[in-house]
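Participant: The structure's right below; bear with me while I get my questions together.
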Amino acid sequence: MITDTRVLDARAWRRGSKLPQNRIVSYRRMLVRRVEAETTEGQDLGRFRIQQFNPTNRISARTSSEKLSPELRVAPHSQLGESGFLYEAEFDLSNVPTGEDFEIGFEVSSPGIQGREDQRARLTFPILAPTEVITMWVLLPPGMSYRDVEVVGYHQKVAGLIEAIEPTYRFDMADGSLFGWMLVAPNDDYTYECRWSWGDS
């Protein structure tokens, strides 16, 4: 993975609204390089899979990577004590030459924030493979500015190990309508989580 960028666009979302147009759109764009790798029995390196947890199955998805023959699957799943659904997008790399860079882009629309939300909103950012740069942008609805943004890392192999993360760069709008962060050379063994509280504007 060269870059992995996510954008959560919540500008049209209103918390508590039941209107069908009340949805959040998350965009993801990855620049990936196919490299030589040793295979184990039964492993197919011609397939590239991405998984994402969502608390609801009321989502719609589309991709700009049709030439990679994407397939979408969904199954019930629990994560960090929360019940929901695990979405898996699979792409066919059989026509991508070794050493060549390719782009995967897709968007998912859902009726709420992806991730646990108690006193704080939370977005998870798993690391799929060694990655050079990860970036996240969050666009907030009018009248729902943010405060107290933090990024933490959960070690995927050591239960209970949580580390406070200082991003390489932080991006903030003075009016509280947008924030973002970038991390260079993230730890492959971590799932990152962005947390924030809602402010008033």
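The values are calculated or read from the model by the stated rules, or taken from the named source; none is laboratory data. Note that this is a predicted model, so its numbers are computed, not measured. With ideal geometry, Cβ positions are generated from the backbone for all residues, glycine too; neighbour counts draw on all protein chains shown. To get the accessible areas, we keep the full protein, side chains included, count just its heavy atoms, and leave off ligands, DNA and RNA. Shrake-Rupley method; radii C 1.70, N 1.55, O 1.52, S 1.80 Å.
Participant: Failed condition for TYR169, given (1) open to solvent by less than 20 Å² (accessible area, probe 1.4 Å); (2) within 14 Å of LEU183 (Cα to Cα); (3) not basic (Lys, Arg), with all others met?
Facilitator: For TYR169, the failing item is (1).
Participant: Next up: Which condition number in (1) open to solvent by 20 Å² or more (accessible area, probe 1.4 Å); (2) touching an Asp or Glu at 6+ places or on another chain (Cβ under 7 Å); (3) closer than 30 Å to ARG23 by Cα is the one that HIS155 fails?
Facilitator: (3)
Participant: When residues of the stretch 53-112 are filtered for being within 20 Å of PHE125 (Cα to Cα), of a type in the set (Phe, Trp, Tyr) and in contact (Cβ under 8 Å) with a residue 60 or more places away in the chain, how many remain?
Facilitator: Within the stretch 53-112, residues that are within 20 Å of PHE125 (Cα to Cα), of a type in the set (Phe, Trp, Tyr) and in contact (Cβ under 8 Å) with a residue 60 or more places away in the chain number 2.
Participant: A follow-up question, please. Quick one: PRO111 ticks every box in (1) open to solvent by 60 Å² or more (accessible area, probe 1.4 Å); (2) under 28 Å from SER64 (Cα atoms); (3) over 14 Å from the mean Cα position of the chain (by Cα); (4) not aromatic (Phe, Trp, Tyr) except a single one, so which number is it?
Facilitator: It is condition (1) that PRO111 fails.
Participant: Just to be sure I understand, how many residues within the stretch 176-201 are closer than 15 Å to ARG6 by Cβ and outside any strand (DSSP E or B)?
Facilitator: Looking only at that region, the number is 1.
Participant: Looking at the structure I just gave you, is SER64 out of contact with any helix residue (DSSP H, G or I) (no Cβ under 8 Å at 6 or more places or on another chain) and modelled with pLDDT under 85?
Facilitator: For SER64, the condition - out of contact with any helix residue (DSSP H, G or I) (no Cβ under 8 Å at 6 or more places or on another chain) and modelled with pLDDT under 85 - is met.
For (1) farther than 15 Å from THR3 by Cβ; (2) more than 16 Å from the chain's Cα centre (by Cα), each residue gets a yes or a no:
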position: ILE127; (1), (2): no, no
position: THR135; (1), (2): no, no
position: VAL138; (1), (2): yes, no
position: ASP148; (1), (2): yes, yes
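Participant: I'm checking my understanding of the structure. Among residues of the stretch 7-29 that are assigned to a loop (DSSP other than H, G, I, E, B) and at pLDDT 85 or above, which one is most open to solvent (accessible area, probe 1.4 Å)?
Facilitator: My answer is ARG11.
Participant: Another one. Within the stretch 121-140, which residues are surrounded by fewer than 18 Cβ atoms within 10 Å (Cβ to Cβ) and assigned to a loop (DSSP other than H, G, I, E, B)?
Facilitator: Selection gives LEU128, ALA129, PRO130, GLU132.
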